[in-house]
Amino acid sequence: MSMFPETTCVGAAALRFSKSVYNRDLSWFSAYGGRSRLQARHFSGSRVSARKASNVGKRPIEDVHIPGLEKITYAEKMHFVPGLAKPVLPQWKRELKDPNQYRSPPRHEMPLYQETPCYVFNQRTSILEGVRQALWLTKSMAISGLPPQLLSLAESPANQLPNQENRVQNAIKHARFWATTEEQTEKYRSTLLFNLLHLCATLQSSHPLIGRRMLSEKYSLVTSWKRGNNLLQIRGQNGLLYRSVDPLPRLSGKQQVLETADHILETFYPVSPMVDLQKVNVYKEEVNCTGFRGQQYYPHAHTLYFVAGEESHCKLRPEQLRAKMIMFLFGNALARAHMLYGAKTNSVLDHPITIQAVGTNGRLFQFIVFQLNTTDLSGNDGIKNQVWLVEDAELYDSANLKPVMYRKEVKVPAGLVGYKPETFSKFLALYLHGAVEH
């Protein structure tokens with residue numbers, strides 16, 4: 001017999017009460033917003049009932065309005081009354097304009113609404129076919145490698161930095177190891193780009209024309225053109241822009257430009273060339289802006305610098321990054337041509353416009369040179385624009401704070417491994433283009 005009989009009786013009663021509550025129907029619990037009996041977890045097992053609730057998949061009840069049969073609401077009472085319908089009150093409007101309460105009208109009521117759609121390429125567009133699609137949209141032909149003029153700049157010892165290899169490797173180590181004490185993040189990419197630009201700028205004493213340039217960022221480009229019967233536009237902010245007082249010289253002679261008429265643009269049927277572009281109906285039809293207003297002391301675009309993966313919500317693969325570089329090179333050149341010769345002029349340019357681009361993810365570099373030869377872009381025949389392309393040039397093999405181990409064996413040592421000086425030579429050649437006489 002237990003020494004405390006009251007405790008034994010209370011414990012047995014509590015056990016009987018818990019079993020009765022557990023076995024009771026839980027429909028009363030679901031009526032007040034809880035889980036139904038079908039959704040309740042069975043604590044005796046490790047599974048949950050997979051049967052759906054009874055209200056899942058039902059369509060909402062439509063509010064039917066019958067003329068002459070009006071609902072009795074509690075609008076006159078000015079407070080909620082059970083059994084009476086909820087009144088439909090007119091929308092309240094402020095006397096003054098409040099930007100936080102603004103509601104845009106429907107698209108078809110906007111003043112810039114057009115029936116014909118416009119296809120827009122912006123800084124977040126990732127086109128499916130990559131470079132091939134970009135070449136078709138810009139009516140261009142691709143040439144592998146850099147032009148001979150730039151290759152001669154890269155190979156000339158007179159255009160190199162003193163103690164170049166050691167200084168470039170220190171710039172890489174600064175971006176990867178020394179710039180921050182935090183764990184390795186993607187911030188080193190932009191740090192590395194600015195380090196390399198700083199090294200190139202030290203040649204200003206021997207190349208004075210470098211002083212006639214400046215860097216700009218976060219400028220918005222807008223330009224439009226027609227490709228067949230479709231209207232296309234390039235909008236948005238692109239990479240870091242290196243501007244110059246003097247334009248870049250043309251890279252192809254008149255005869256080479258005429259030979260581009262024999263090139264046949266590659267098609268990718270059944271994929272539409274505008275498959276990834278944003279389709280809009282509210283737009284200005286003839287819009288053209290280089291991103292800078294009025295007369296500029298540095299009017300000519302020299303080089304665009306793109307950092308891959310800089311935006312966490314917009315990460316492009318290398319093929320799509322190269323396509324984005326081609327599109328924004330074309331957009332900057334076309335906007336400049338429209339300012340010089342007029343937006344409605346569709347003809348072969350007597351003085352082609354040349355712009356360069358460099359894209360990097362911190363290790364791989366993409367080099368592109370674009371020459372705009374014509375603004376007649378509606379058809380596939382005639383003179384084409386030219387694109388020189390160098391893909392996936394490695395600056396180094398790896399850069400790790402700690403060695404990569406596998407089964408107690410060092411597979412990749414710590415530090416900078418496999419530096420490739422020819423990649424920086426190409427980077428330096430594009431930087432010096434226009435500042436050195438060929």
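At a glance:
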item: For region 303-356: rounded, prolate or oblate by the Cα gyration tensor [a/c cutoff 1.5]; result: prolate
item: Estimated vicinal HN-Hα couplings, Hz - region 249-260 in sequence order (Karplus 6.51, -1.76, 1.60; Gly, Pro = x); result: x, 5, 9, 10, x, 5, 5, 5, 5, 5, 5, 5
item: Solvent-accessible area of Trp388 with every protein chain in place, 1.4 Å probe, in Å² to the nearest 10; result: 20 Å²
item: His65 accessible area, assembled protein chains, probe 1.4 Å, Å²; result: 130 Å²
item: Note, ³J(HN,Hα) from phi for region 334-345, Karplus 6.51, -1.76, 1.60, rounded to Hz, x at Gly and Pro; result: 5, 4, 5, 5, 5, 5, 7, 10, x, 6, 9, 8
item: Residues whose placed amide H lies under 5 Å from that of Ile143, excluding near-sequence neighbours; result: Val387, Trp388, Leu389
item: Lysines whose Cα lies under 18 Å from that of Lys71, excluding same-chain neighbours fewer than 8 positions away; result: Lys86
item: Trypsin sites (Lys or Arg not before Pro) restricted to region 204-269 and DSSP loop, no more than 15 other C-beta within 10 Å; result: Lys218
item: Residues of region 208-348: accessible area per residue with a 1.4 Å probe, Å²; result: 52 Å²
item: Under 5 Å, built H, 5+ apart or other chain: amide partners of His300; result: Ser244
item: All lysines inside 23 Å of Lys384 as judged from Cα atoms, apart from same-chain residues fewer than 8 positions distant; result: Lys139, Lys226, Lys254, Lys324, Lys344
item: Point-charge dipole on Cβ atoms (K/R +1, D/E -1) for region 246-307, about Cα centre, debye to 20; result: 260 debye
item: Point-to-point label distance, Ala142-Phe268, nm (Cα→Cβ direction, 7 Å offset); result: 0.9 nm
item: Fully extended contour minus Cα-Cα distance, from Ser216 to Glu70, at 0.36 nm per residue; result: 46.1 nm
item: Estimated D of region 102-251 in µm² per second, where Rh is the Kirkwood radius over Cα pairs and Stokes-Einstein applies at 25 °C, 0.890 mPa s; result: 121 µm²/s
item: With all protein chains modelled, accessible area of Phe80 [1.4 Å, Å²]; result: 140 Å²
item: GluC sites (Glu not before Pro) lying in DSSP loop within region 64-173, provided at most 14 other Cβ fall within 10 Å; result: Glu70, Glu76, Glu95
item: For region 113-192, accessible area per residue (1.4 Å probe, heavy atoms of protein chains only), Å²; result: 51 Å²
item: Order of exposure, largest accessible area first, which applies to Tyr188, Tyr431 with probe 1.4 Å; result: Tyr188, Tyr431
item: Low-density loop positions, GluC sites (Glu not before Pro), region 272-332 - DSSP coil, at most 13 other Cβ in 10 Å; result: Glu285, Glu286
item: For region 324-427, the Rg and Dmax computed from alpha carbons only, in angstrom; result: 20.8, 68
item: Length released on extending from Val245 to Ala85, taking residue separation times 0.36 nm less the Cα-Cα span; result: 50.4 nm
item: Built amide H within the under 5 Å cut-off of Gly291, gap 5+; result: Val222
item: Aspartates and glutamates with Cα under 19 Å of Lys218, excluding same-chain neighbours fewer than 8 positions away; result: Glu310, Glu311
item: 3J(HN,Hα) from dihedral phi, region 376-385, Karplus parametrisation 6.51/-1.76/1.60, rounded to Hz, x for glycine, proline; result: 8, 10, 5, x, 8, 9, x, 5, 10, 7
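The values are calculated or read from the model by the stated rules, or taken from the named source; none is laboratory data. None of these values were measured; they are calculated from a predicted model. No Cβ is skipped: glycine too gets one built from the backbone with ideal geometry, and neighbour counts run over all protein chains shown. Accessible surface is based on the protein model in full, side chains and every heavy atom, while ligands, DNA and RNA are left aside. Shrake-Rupley method; radii C 1.70, N 1.55, O 1.52, S 1.80 Å.
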